[in-house]
1. Tell me, which residue of region 11-50 that is in a loop (DSSP other than H, G, I, E, B) and out of contact with any helix residue (DSSP H, G or I) (no Cβ under 8 Å at 6 or more places or on another chain) is nearest to Gly89 (Cα to Cα)?
2. Suppose the filter is farther than 20 Å from Val12 by Cβ and either at pLDDT 90 or above or under 14 Å from the mean Cα position of the chain (by Cα) (or both); does Arg119 pass it?
3. Quick one: count up the residues across region 77-97 that are under 10 Å from the mean Cα position of the chain (by Cα) and either open to solvent by 70 Å² or more (accessible area, probe 1.4 Å) or free of Cβ contacts under 8 Å to residues at least 40 places away in the same chain (or both).
4. Determine whether region 56-70 contains at least one residue that is among the acidic types (Asp, Glu) and modelled with pLDDT under 95.
5. Taking region 58-76, which residues are open to solvent by 30 Å² or more (accessible area, probe 1.4 Å) and in contact (Cβ under 8 Å) with a residue 12 or more places away in the chain?
6. Within region 34-57, track down each residue that is touching a Ser or Thr at 6+ places or on another chain (Cβ under 7 Å) and surrounded by fewer than 20 Cβ atoms within 10 Å (Cβ to Cβ).
Amino acid sequence: DSKGKPSLMPEVFHVVSYHRENPTIPVATGRMVVLRDGLYRQGVVSNVAVLKEHRRQGYAQSAMDMIHMLAEEKNLITTSLHSQAHAIGFYQRIGYRTQKMLYREPYDGPNGVLAFMIRRTPTSESPFEEEE
């Protein structure tokens, strides 16, 4: 709401990357929920997934590019996400920084090691200083 209180109805955006040779086939997806933190709005990214046979072909990058474009259009100060261990390097390459490592039992399970990561939106009017 206009008084800076959390909204019960956040904005939610879904993106889809389609197969390059057959654009009727969706191969990757992602979601961003826009939350208000006081006066500032931030995006929480989740459910980024690529069909197994289409991984490492740029489809996740395409989905994240669309999410980042939405973040800029909405003037969000940051986007954040929880990354599985195998995807941390990908998110670092596209500008995310690890804020905290989270460990869950079993450690060797698919969600056993997660990283909380954050990326400052380049065009935002952020009150935060950019780290070097």
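1. So the first thing to find is which residues in region 11-50 are in a loop (DSSP other than H, G, I, E, B), and the list is 19-25, 38-39.
Narrowing further to those that are out of contact with any helix residue (DSSP H, G or I) (no Cβ under 8 Å at 6 or more places or on another chain): 20-25, 38-39.
Numbers: Arg20: 24, Glu21: 28, Asn22: 29, Pro23: 28, Thr24: 30, Ile25: 27, Gly38: 31, Leu39: 31 Å.
The qualifying residue nearest to Gly89 (Cα to Cα) is Arg20.
2. Judged against the criteria, Arg119 is not a match.
3. Of the residues in that region, 6 qualify.
4. Step one: list which residues in region 56-70 are among the acidic types (Asp, Glu), which gives 65.
So of that shortlist, the ones also modelled with pLDDT under 95 come out as none.
No, region 56-70 contains no residue that is among the acidic types (Asp, Glu) and modelled with pLDDT under 95.
5. Gln61, Ser62, Met66, Leu70, Glu72, Lys74, Asn75
6. The answer is Arg36, Val44, Asn47, Ala49.
The values are calculated or read from the model by the stated rules, or taken from the named source; none is laboratory data. As the structure is a computational prediction, the values presented were derived from the model and not from experiment. Positions of Cβ are generated from backbone atoms using ideal geometry, with glycine treated the same way; all protein chains shown enter the neighbour counts. Quick note on the areas: whole protein, heavy atoms, side chains included, nothing else; ligands and nucleic acids left out. Shrake-Rupley method; radii C 1.70, N 1.55, O 1.52, S 1.80 Å.
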